[in-house]
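Notes follow once the structure below has been shown.
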Amino acid sequence: MGKFKINKNKPRPSDDKIAGHQNFDQLIKNYNQLTDYKKAVKPLYKDKKFLGLILIILVVFLAMWISENEDNSSERPLENQKQEKER
């Protein structure tokens, strides 16, 4: 078993230390922030990182689509020339 130190007769904190931790307004404010659903959960469409990721994915797919179309358009004239030579 690990080494544990248990203080049974722990000294009481001073009045100044107790008064310093009695900030109930801040406690209520923190609680309300944690329990407010709209502030706690941000929708994905409002998240800048998510929108950036979607934008990058769209740019990649657009670049792939354009490169495929350029390959197909460059092959078409060659096919037309072959067909004309065969006639």
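Tabulated results
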{"quantity": "Vicinal HN-Hα couplings computed from phi for the range 28-35 (Karplus, 6.51 cos²θ - 1.76 cosθ + 1.60; Hz; Gly/Pro x)", "calculated": "5, 4, 5, 5, 5, 5, 6, 8"}
{"quantity": "Label point distance in nm, N69-N32, each placed 7 Å from Cα along Cα→Cβ", "calculated": "5.4 nm"}
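Each reported figure results from applying straightforward, stated rules to the coordinates on display, with no laboratory input. Note that the coordinates shown come from a computational prediction; the quantities given were computed from them, not determined experimentally. When we count neighbours, we look across all protein chains shown, and the Cβ atoms used for this are built from the backbone with ideal geometry, even at glycine.
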